[in-house]
Each structure stands twice: as structure tokens, then as C-alpha cells.
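Below: one structure, written as C-alpha cells.
The values are calculated or read from the model by the stated rules, or taken from the named source; none is laboratory data. The shown structure was predicted, so the numbers you read here are calculated from the model rather than taken from an experiment. Here the Cβ is made from the backbone with ideal geometry for all residues, glycine too, and neighbour counts use every protein chain on show. Protein only, heavy atoms only, side chains kept; ligands, DNA and RNA dropped before computing areas. Shrake-Rupley method; radii C 1.70, N 1.55, O 1.52, S 1.80 Å.
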Amino acid sequence: MPATRPVRPLLDVRKIYLEPEAAALPRGQEVLARWPDAERVEVASHWNIPELHGDEGNVDRWVRIKTEALVLGVKKSLTARPNGRSSDFVAPSTANGCAMACAYCYVPRRKGYSNPITVFANIDKISGYLARHVGRQGVKTEPNQCDPHAWVYDIGESSDCSVDATVSDNVRDLVELFRGLPTAKASFATKHVNRDLLDWDPQGRTRIRFSLMPDRMARLVDVRTSRIADRIAAIDDFVEAGYEVHLNFSPVIVEDGWLEQWAELLDQVEAGIGARAKAQLACEVIMLTHNDRLHEVNLGWHPKAEEVLWRPDLQQPKRSETGGLNVRYRTGQKGRYVTALTDLIAERLPSCRVRYAF
Ligand code: SF4
């Protein structure tokens, strides 16, 4: 049975937890002014708010918290981490947490499972750091799969930027920053279609990676996200508006008939986008990884999703750095899945270059 779709809006902010330092900054003031009637609760640190981050098994409460709570904080450590897969660097985040609730999502693992959006108010510091970091890289002389010419910075590793853009102007500020940085590009993956972004004039310096998976699977595991058909329908509009648009095929979840479902999805994309989008198209393919702790939590609220996410018959465990067990598809078999899917992409959506697949 598909996951229950939300009846509530993604955000209906009633309570804002704030670090006083963040509330004093202009961006903090702007966020507070967007929800003048929201209750304000001072907190010492956005990292430790027990009433938001505890209570792992109560999903009704999570969705309410994700909808009604917002956290305003200051990003303390500013570093751009080398990545090399979806981007050259992961930029310091301007938000973490998410209003959506995908069952496989790793974003909540650090802060607890409700994990509503925390927005960082020190955007000037983050932007300044990024501009200097880009300057220090100079011109990219060696093309790589991230991009042949530009240094690519993932600005949305810890959140979904399309939803963050409904909370503050942080994402817009970064899109505008990268517009003026000819040696670099911003990039983020998203599962939400926010058409406000179409007015931002990114001039090709921001790459949006629309996340796609077969609709049947998305209805089960992509909780509170935009429908797959809506994401596909947005691609041409975002290209037209000046974004580079790639596809993020992730996570790829194996079940009976999965390749037939992927063939159908690829056909939908092939039929649903125009020549201009195809001329610049590329994708990344990432097979599912899962985690024993997330599995335990999910059993409490979404056991149907665990029937496809937790497959000991297909997966092998590996102890993670944080102590839990991560699982992935078995060595050998996983390579065969990747080859089968990349072959299928070449056949059904030949305009789509595979940037990387693993
Ligand atoms: S949209 Fe992204 S960040 Fe949000 S819950 Fe889904 S996977 Fe996690």
C-alpha cells in the first residue's frame, strides 16, 4: 500500500527555536518576520533541542514537528569538504534538516528522526567563505566527471534547497553568488518542485539535480515529496530559466521487476523533456545503502517501506564509523545491477550521460 500522502502543507510554522545570536542577524530577523505569530523559544544550540530531536518512533509527531517547527541557528564551522562524486566540494550548509520524510534519508541520522529545518542566519559569513574558497581554486584545468570546466559545490547535502527557499533567501543568495563566479557552479539535488526558483536568473551557474525513481517506488518511500511526474515536467522549465538540469537517480532500490519500472521511468523522461534539456543532460546513479538503526526506527512507522529497503537476502553489512551497521547490495551483484541500469539508460534515454554510477 502506498505511504499516506500528507494532508497538511509542507510548512505551517507555529514555533521557532532560535539561538539569540542567529535571531539578531538580518537573515534571522527576516525569517522571524515571515512568521510573526509563531511562538519563539530561545535555545543554547540548534544541535540540542530534546523536544524536537527525541521520540524516534512517533511518526505522527515527526510530521507535525516538520510542518510546524523551525530552528534558527548559526553555522559555526565553515569548511568546504572535498567530495569528488556529485560535486568537487560540499559547501558549508546554509540549512540542515528537511520538511519531507523519505524513508531512506540519511539526513536525520545526525540530529534525530524528526529533524525539522534548521536555517542558518550567518549567510554573509557562509557566502564570503565560499567566494574565497572558489577564488583559491583558480581555474579548473583538468576536466573531471563533476564538470569539465567549473568547480562544482554541492550546496544542499544536508537539506533540500527547493524547500529551504520557502523559508529564507539563503539559497537565492548562493545562486546569485555563483552567478558571479565564472570558475564555479552551485549544485543541489531536490525532490521538491519550487517554481519560485524560475525567476532567479542563475545564468547556468547552478545545477539542479532532480531526483527520480520509478513512481511506484517513490509513492512508497518518498514521503511528502513532489510527485515524479511533476519533477519530470519541471525539467524543461528550469533549463529554460537558465539552470543546468541533471538527474539524480537515487537511491536505486532493487525489487522484483525493478528494471521494467526503470525502463518506464526513462521512457517518461525521454518523452517528457525537450531538445534543449537533452543537450545538457547527465545523471548520477546511486544504489541504495541502508542502516540498521534507521531500519529499526522505520519499522515503527513505515514497515512497508522496510520490505523493499531492508533486504538481507540481497544486501551485505559493513560496520559504520558511528557504530551501526550499514548495508548495501552484495559485491558482484551490485556491479551487475549498476551495469544493467546504465545499459538501460543508454538504450532508453541515450541523451543522458552517466556522470558516475556506484
Ligand atoms: S528530500 Fe532529501 S533531505 Fe528531505 S527527507 Fe527526502 S532524502 Fe532526506
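So which trypsin sites (Lys or Arg not before Pro) in the range 263-358 end up in coil per DSSP with only 15 or fewer other C-beta atoms within 10 Å?
Taking the range 263-358 and a limit of 15 other Cβ atoms within 10 Å, the loop trypsin sites (Lys or Arg not before Pro) found are Arg330.
Counting only heavy atoms of protein chains, what accessible area per residue, in Å², does the chain have with a probe of 1.4 Å?
Heavy-atom SASA per residue in the chain reads 42 Å².
Please report, in debye to the nearest 20, how large the charge dipole of the chain is about its Cα centre when each Lys and Arg carries +1 at its beta carbon and each Asp and Glu carries -1 there.
Computed charge dipole of the chain: roughly 720 debye.
Residue by residue through the range 9-19, which ³J(HN,Hα) values in whole Hz follow from phi under the Karplus form 6.51 cos²θ - 1.76 cosθ + 1.60 (θ = phi - 60°), with glycine and proline marked x?
In residue order, the calculated couplings are x, 4, 9, 8, 5, 10, 9, 10, 8, 9, 7 Hz.
Taking 7 Å along the Cα-to-C-beta vector as the label spot, tell me the Arg64-Glu270 distance in nanometres, rounded to one decimal.
Rounded to a tenth, the inter-label distance reads 4.8 nm.
Is the C-alpha gyration tensor of the range 15-357 telling us rounded, prolate or oblate? Criteria: a/c under 1.5 is rounded; beyond that, a/b larger than b/c is prolate, otherwise oblate.
Numbers: a/c = 1.64, a/b = 1.14, b/c = 1.44.
Oblate, because a/c is 1.5 or more while a/b does not exceed b/c.
Given a 1.4 angstrom probe, I'd like the percentage of the accessible area of the range 15-357 that is carbon and sulfur, rounded to a whole number.
Percent of accessible area from carbon and sulfur atoms in the range 15-357: 49.
Put +1 on the Cβ of each Lys and Arg and -1 on the Cβ of each Asp and Glu in the chain; which of Ala189, Ile16, His302 then has its Cα farthest toward the positive end of the dipole?
Ala189
To check you understand DSSP bridge types, tell me what percent of the beta bridges within the chain (both residues inside) are antiparallel, rounded to 5.
25 percent
When Lys and Arg each count +1 and Asp and Glu each count -1, what net charge do the other residues less than 14 Å away from Leu25, Cβ to Cβ, add up to?
Charge balance near Leu25 sits at -2.
If you take every residue apart from Thr190 with its C-beta less than 14 Å away from the C-beta of Thr190, what net charge results, scoring Lys and Arg +1 and Asp and Glu -1?
Charge balance in the 14 Å sphere: -3.
Kindly point out, ordered by number, any Cys in the chain whose beta-carbon has no other cysteine beta-carbon under 4.7 Å away.
Flagged as lacking a Cys partner: Cys98, Cys146, Cys161, Cys283, Cys352.
With a cut-off of at most 15 other beta carbons within 10 Å, and DSSP calling the residue loop, which trypsin sites (Lys or Arg not before Pro) in the range 29-100 qualify? Please list them. Can you show the working numbers first?
Details: sites: Arg34, Arg40, Arg61, Arg64, Lys66, Lys75, Lys76, Arg85; in loops: Lys75, Lys76, Arg85.
Sites meeting the loop and neighbour criteria: Lys76, Arg85.
Considering only DSSP beta bridges with both partners in the range 87-241, what is the antiparallel share in %, to the nearest 5? Intermediate values should be presented prior to the final figure.
Working: 2 of 13 bridges.
Expressed as a percentage, antiparallel bridges in the range 87-241 total about 15.
For Leu212, list long-range residues whose amide hydrogen, built 1.01 Å from N in the peptide plane, is under 5 Å from its own amide hydrogen.
Asn248, Phe249, Ser250
Test of the criteria: in the range 245-338, which GluC sites (Glu not before Pro) are in a DSSP loop and have at most 12 other Cβ atoms within 10 angstrom of their Cβ?
Glu321
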